[in-house]
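Just so you know, all these numbers are worked out from the coordinates, no wet-lab data involved. The structure presented is a predicted model; accordingly, all values stated were derived computationally and were not measured. For neighbour counting, all protein chains shown are included, and Cβ atoms are generated from backbone atoms with ideal geometry for every residue, glycine included.
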Amino acid sequence: MIVVIDYGMGNLHSVRKALEVVGAKVKVNSHPEDIKKAKKIVFPGVGAFGEAMKELKRRSLVQPIKDAVKAGTPFLGLCLGMQLLFEKSDEAPGMKGLCVLDGEVKRFKVKGLKVPHMGWNNIAYSLKPACRQARLTAYNSKILKGIPNGSYMYFVHSYFVLPKDRNVILTTTGYGINFTSGVCKDNIYGFQFHPEKSQALGLKILENFVDLK
């Protein structure tokens with residue numbers, strides 16, 4: 001069973017439907033006990049960093065999420081759900097994130113380009129610094145199996161993550177600057193784009209997550 005975390009700020013219906021299309025048994029829930037028992041967790045999000053953290057605290061979900069990640073439960077953060085995994089955000093000064101990953105969330109400040117960054121854009125595999133000698137790229141990641149380098153995905157966001165450790169960067173995307181559009185560390189995966197809105201290739205990413213062993 002995959003638990004989609006409901007904290008009042010995700011596009012839960014479309015995420016659930018997309019997961020069911022690729023064969024997953026899905027439960028949308030905000031109960032801490034169900035998060036503890038989940039085989040896999042999807043953490044979607046549409047909204048503001050600060051309000052989302054307040055809602056997670058109000059629903060007593062912060063520690064169960066951290067415990068699930070620590071226990072090795074496959075975890076997928078989408079859009080705001082990925083940003084919340086980091087330490088802090090320009091969107092909510094003084095508000096701590098979940099601090100599961102080291103780094104911060106920055107606002108786009110790109111002259112001549114509209115914010116939010118909205119629409120289709122491509123993702124490029126990141127060549128992780130620690131893997132350069134072995135020439136290992138994101139192509140080797142199970143979550144991107146069957147996803148060609150340069151594939152187009154659907155984005156809607158005004159902020160992007162800036163990881164401290166470049167080894168967690170899975171994909172990058174260009175929008176005035178090259179920003180991190182995908183991360184991976186152990187059992188944690190995150191994407192800035194919306195797989196559930198990215199047609200066949202987005203569904204393939206969700207299928208890959210469902211199929212993780």
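Assorted remarks:
- With neighbours defined as other Cβ atoms within 10 Å of a residue's Cβ, the residues M82, M153, M118, M95 order from fewest to most as M118, M95, M153, M82.
- Computed per residue of the chain from DSSP H runs no shorter than four, each worth -39500 (n - 2.57), the mean residue ellipticity at 222 nm is -7000 deg cm²/dmol.
- Recomputing Rg and Dmax of the Cα atoms in Å from the coordinates shown identifies the correct label among (i) 15.9, 47; (ii) 17.3, 50; (iii) 20.1, 63 as (i).
- E33 versus W120: modelled label distance in nm, points set 7 Å from Cα along the beta carbon direction: 4.6
- Model label points for D102 and K57, set 7 angstrom from Cα along the Cα-to-Cβ axis, are 2.5 nm apart.
- Whole-number percent relative contact order across the chain, with pairs defined as alpha carbons under 8 Å at least 6 apart: 20
- Size of electric dipole in the stretch 2-211: Cβ of Lys, Arg +1 and of Asp, Glu -1, about Cα centre, debye, nearest 20: 240
- Positive-end extreme of charge dipole, the chain - chosen from W120, L144, V46 (charges on Cβ): L144
- Under-5 Å amide H pairs with G77, H placed in peptide plane, nonlocal only: F43, Y189, G190, F191
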